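Asks: Quick one: the structure is below, and I'll ask about it shortly.
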Amino acid sequence: MTMALDREQMIRDIYAGVGVVSSGPNSPSSPSSNPNISPWPYDLEQSKLLLKESGWEDADGDGILEYQKDDEYFSKGTPFKFEFTITNSGETSERIISYLVGQCSELGIICEPKVVDWSYYSDMLKGRDFDAMIMGWSANAPESDPKQIWHRLSIQDQGDNFIQWASQQASDLIDQIGRAHV
């Protein structure tokens, strides 16, 4: 999905040229960002190929990708559809929605925008009641503790690991970092 988004164009057209394409979850200006890692390229054809390799294909010719496998996550024939939740921030939200819906359509994906008030957005985030949202993390001084966002234990009790990424290996490395600073 990242390769399906022209982030340079998004910075130019949505954010009036203010921004830098990131190569990971940390701001490129953060000391925890590795300057030797390049951002993934915008490559719509490669994105389509990767989706097909993952089992998403337009088998019935209706322009919408359907899942072609049968596993624990999706049944065969399930259309690729998701709800994109965003707060109402006026023209910027409208531009993001327009771009995202258009790019998803190019891939055969149905993106259904849901614009909500921040208070409801916050409740959805805490309750993990969303398919996709737009968020930004920024470092503060001293550098943010990665445990808050990326550790598997930060999923529990409405912690800040909203995306619920649970890598034991990453959590072990984060624990090692914490012990090194004690």
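Asks: Could you order Met10, Met124 so the one with the most accessible surface comes first? Probe is 1.4 Å.
Replies: Met10, Met124
Asks: A further question follows. Round to a whole angstrom and tell me the spacing of the C-alpha centers of the stretch 68-130 and the stretch 1-53.
Replies: Using only Cα atoms to place each centre, the spacing works out to 18 Å.
Asks: Per residue of the chain, what 222 nm ellipticity follows from adding -39500 (n - 2.57) for every DSSP H run with n ≥ 4, rounded to the nearest 500? Walk me through the numbers before you get to the answer.
Replies: Working: 6 runs with 60 residues, N = 182.
Taking each H run of at least 4 residues, the total per residue is -9500 deg cm²/dmol.
Asks: Residues of the chain: accessible area per residue at 1.4 Å, in Å²?
Replies: It amounts to 65 Å² per residue over the chain.
Asks: Could you report the accessible area of Arg12 in Å², rounded to 10, computed with a 1.4 Å probe on the protein chains as they sit in the structure?
Replies: Roll a 1.4 Å probe over it and Arg12 shows about 140 Å².
Asks: Shifting gears a bit: On a 29 Å Cα-Cα criterion, which of the cross-link pairs Lys69/Lys126; Lys48/Lys126; Lys48/Lys76 come out too long?
Replies: Lys69/Lys126; Lys48/Lys126
Asks: On to the next question. Treating the angle as unsigned and between 0 and 90°, give the value, to the nearest 10°, between the Cα long axis of helix 168-180 and the longest Cα principal axis of the chain.
Replies: On a 0 to 90 degree scale, this one is about 20.
Asks: Collect residues whose amide H, placed 1.01 Å from N in the peptide plane, falls under 5 Å from the amide H of Tyr42; neighbours closer than 5 in sequence don't count.
Replies: Hits under the 5 Å cutoff: none.
Asks: Next up: Please list, in order along the stretch 51-62, the HN-Hα scalar couplings obtained from phi with the Karplus expression 6.51 cos²θ - 1.76 cosθ + 1.60 (θ = phi - 60°), rounded to whole Hz, x for Gly and Pro.
Replies: 5, 5, 4, 7, x, 9, 8, 8, 6, 9, x, 8
Asks: Have a look at Trp40, Cys104, Pro28 and report the one farthest towards the positive end of the charge dipole of the chain, computed about the Cα centre with Cβ charges (Lys/Arg +1, Asp/Glu -1).
Replies: Pro28
Asks: Moving to a separate point now. So how much accessible area does Leu173 have, in Å² to the nearest 10, using a 1.4 Å probe?
Replies: Ignoring ligands and nucleic acids, Leu173 comes out at about 90 Å².
Asks: Could you check the spin-label model distance between Ser54 and Asp117? Points 7 Å from the Cα along Cα→Cβ, value in nm.
Replies: The two pseudo-label positions are separated by 3.5 nm.
Asks: For the stretch 40-182, build the charge dipole from Cβ charges (+1 Lys, Arg; -1 Asp, Glu) around the Cα centre, then report which of Gln158, Phe82, Gly61 sits farthest towards its positive end.
Replies: Comparing the listed Cα positions along the dipole, Gln158 ranks first.
Asks: Kindly express, to the nearest 10 degrees and within the range 0 to 90, the angle between helix 91-107's C-alpha long axis and the longest C-alpha principal axis of the chain.
Replies: 60 degrees
Asks: Based on the alpha-carbon gyration tensor of the stretch 26-122, what equivalent-ellipsoid semi-axes (square roots of 5 times the eigenvalues) come out, in whole Å, largest first?
Replies: Working from the Cα gyration tensor, I get semi-axes of 27, 22, 14 Å.
Asks: For Asp157, Asp43, Asp60, give the ranking by accessible area with the largest first, probe 1.4 Å.
Replies: Working: Asp157 150, Asp43 55, Asp60 100 Å².
Sorted descending by solvent-accessible area, the residues read Asp157, Asp60, Asp43.
Asks: For volume of the Cα convex hull per residue in Å³, the choices are (i) 156; (ii) 202; (iii) 111; which was calculated from the structure?
Replies: Computed from these coordinates, volume of the Cα convex hull per residue in Å³ corresponds to label (i).
Asks: Give a residue-ordered list of calculated ³J(HN,Hα) values for the stretch 33-46 (Karplus: 6.51 cos²θ - 1.76 cosθ + 1.60, θ = phi - 60°; whole Hz; x for Gly, Pro).
Replies: 8, 8, x, 8, 9, 8, x, 4, x, 7, 8, 4, 5, 5
Asks: Let me ask you something else. Percent of accessible area on the chain owned by carbon and sulfur, 1.4 Å probe?
Replies: 51 percent
The values are calculated or read from the model by the stated rules, or taken from the named source; none is laboratory data. None of these values were measured; they are calculated from a predicted model. Quick reminder, even Gly has a Cβ in these numbers, built from the backbone with ideal geometry, and neighbours come from all protein chains shown. In case anyone asks, the SASA skips ligands and DNA or RNA and just uses the protein heavy atoms, side chains included. Shrake-Rupley method; radii C 1.70, N 1.55, O 1.52, S 1.80 Å.
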